[in-house]
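Encoded as structure tokens, the structure appears first; notes follow it.
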Protein chains: 2
Amino acid sequence: MVLSEKQKELIEMIGVFHEHKGLQPLVGRIIGLMLVHEDAEVTFDEIVEHLGVSKSAVSNALTFLQAKERVTYHTKPGDRKRYFSLKLGDWRSDFEKELLNIAEIQRFLEEVLDTRKDKSSEFCTKMKDFSNFLEFFRKEIPILFERFKKQYH
Amino acid sequence: MVLSEKQKELIEMIGVFHEHKGLQPLVGRIIGLMLVHEDAEVTFDEIVEHLGVSKSAVSNALTFLQAKERVTYHTKPGDRKRYFSLKLGDWRSDFEKELLNIAEIQRFLEEVLDTRKDKSSEFCTKMKDFSNFLEFFRKEIPILFERFKKQYH
DNA sequence: TTTTTGGTTCTTCTTTTACAGAACAAACAA
DNA sequence: TTGTTTGTTCTGTAAAAGAAGAACCAAAAA
């Protein structure tokens, strides 16, 4: 398959987006390539060629993506190549995990509040306020997912 | 002020938490120090001493935190020191921005869907499903914040 | 005026990241 | 058997990150 300019551009944009989330550049671009690839799956060689990187870099990136359960591969009879693709099936739980994770700061806030003597200060009130919201948020997220499921299926 | 073991531990934990979000180590620890500090505000020197880092590192970290509007300082009459503290007042909009930002991937998903020929494939269906959820999510987040405000105030 | 305080900027150093390239290995093919 | 395909692992390295230390500067104090 040959990539159009538009596709190459999308790969870069998706790559940068994932870089901002702390993933290494190549990892984000592999995700981009898998998303735009017409077969929705790519071989090891295709990654090497389309992204112009070394085999070792690709091997490490794929190992990482599989460890994080973002990618799997399957094989085809009479073909030794692996066909790597995104585990898009899990987007729901992945996204939920991500949301709950950013709310993890609540645990630290509560611990900090425990250690503070000025419980009724404006500072503590604001922290408590935020902590309460995060608690609320963590309870509401699963409900939000449920509502979506019912509404759209 | 002298920090207890518990407080030092909290600073480290809060530091690591922020490192995972892509902030540089010292920045996360400064946030931790400001959270546990009994005055809820720290001077430049206190940061240098409590965290055992150089003045230049502290200067750069504080510049960064102020640019990101996470920190401000005020001064006291007859005292040349700056008292730096967290801008905790904005937690609500900050957190909302963070949530909407992680939903930004939807934009790319829609663009990818545009370029794909296999619109009715399982792959595209799942992407569209995710994209729909993200749209739903982005609309619901502000509502969630509103509900919290009413419920707890 | 000179000195001190509080902080910034510039240069340098160390460590880590992200990748390249070559050697290697396992499975299959000839 | 020998060679080929499909990756993996090991070693090296350029570049960037993160911070140290010294020089520097502006405002206030002496």
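The values are calculated or read from the model by the stated rules, or taken from the named source; none is laboratory data. Please read all numbers here as calculations on a predicted model, not as lab measurements. For neighbour counting, all protein chains shown are included, and Cβ atoms are generated from backbone atoms with ideal geometry for every residue, glycine included. Accessible surface areas use protein heavy atoms only, side chains included; no ligands, DNA or RNA. Shrake-Rupley method; radii C 1.70, N 1.55, O 1.52, S 1.80 Å.
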- Taking alpha-carbon centroids only, region A:21-50 lies from region B:63-139 a number of Å equal to 24
- Per the 1.4 Å probe, what fraction of the accessible area of the protein assembly as shown, in percent, lies on carbon and sulfur atoms? 51
- Axis-proximal residue, chain A, for the rotation superposing A on B (Cβ, Å): A:Gly22, 2
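Give me the summed buried accessible area for the B-A pair, 1.4 Å probe, to the nearest 100 Å².
Values: alone 10690 and 10650 Å², together 16480 Å².
In total, chains B and A hide about 4900 Å² from solvent.
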- For label points placed 7 Å from Cα toward Cβ, what is the shortest-first list of nm distances from A:Arg80 to its copies? 7.4
- How many Å² of accessible area per residue for region B:90-152, probe 1.4 Å? 52
- What are the nm distances, shortest first, from B:Ser59 to its equivalents in the other copies, labels at 7 Å along Cα→Cβ? 4.7
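For region B:53-94, which trypsin sites (Lys or Arg not before Pro) pass both filters: DSSP loop (anything but H, G, I, E, B) and at most 13 other C-beta atoms within 10 Å?
Details: sites: B:Lys55, B:Lys68, B:Arg70, B:Arg80, B:Lys81, B:Arg82, B:Lys87, B:Arg92; in loops: B:Lys68, B:Arg70, B:Lys87.
Those that pass, being in a loop and sparsely packed, are B:Lys68.
Apply the a/c threshold of 1.5 to the C-alpha gyration tensor of the protein assembly as shown and tell me whether it is rounded, prolate or oblate.
Numbers: a/c = 2.67, a/b = 1.76, b/c = 1.51.
Prolate is the answer for the protein assembly as shown, as a/c is 1.5 or above and a/b outweighs b/c.
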- Note on the structure: Dividing the mean separation of Cα pairs under 8 Å (6+ apart) by the residue count of region A:90-152 yields a relative contact order in percent of 38
- Message: How far apart, in nanometres, would the label points at A:Asn60 and B:Glu135 be if each is projected 7 angstrom from Cα along the Cα-to-Cβ direction?
- Response: 4.0
- In Å, the Kirkwood estimate of hydrodynamic radius for region A:90-152 over Cα pairs equals 13.1
- Query: Counting pairs of alpha carbon atoms under 8 Å apart in space and at least six apart in sequence, what relative contact order in percent does chain A give?
  - Reply: 14
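Run through region A:81-120 and list the GluC sites (Glu not before Pro) located in a DSSP loop whose Cβ has at most 14 other Cβ atoms within 10 Å.
Working: sites: A:Glu96, A:Glu98, A:Glu104, A:Glu110, A:Glu111; in loops: A:Glu104.
Passing both the DSSP loop test and the Cβ count: A:Glu104.
Once the Cβ-Cβ distance between B:Lys119 and A:Glu69 is put in as r, and R0 is 35 Å, what FRET efficiency do you end up with, to the nearest 0.05? All intermediate terms of the calculation are to be shown ahead of the outcome.
On the way: r = 27 Å, r/R0 = 0.76.
Efficiency computed from Cβ-Cβ geometry: 0.85.
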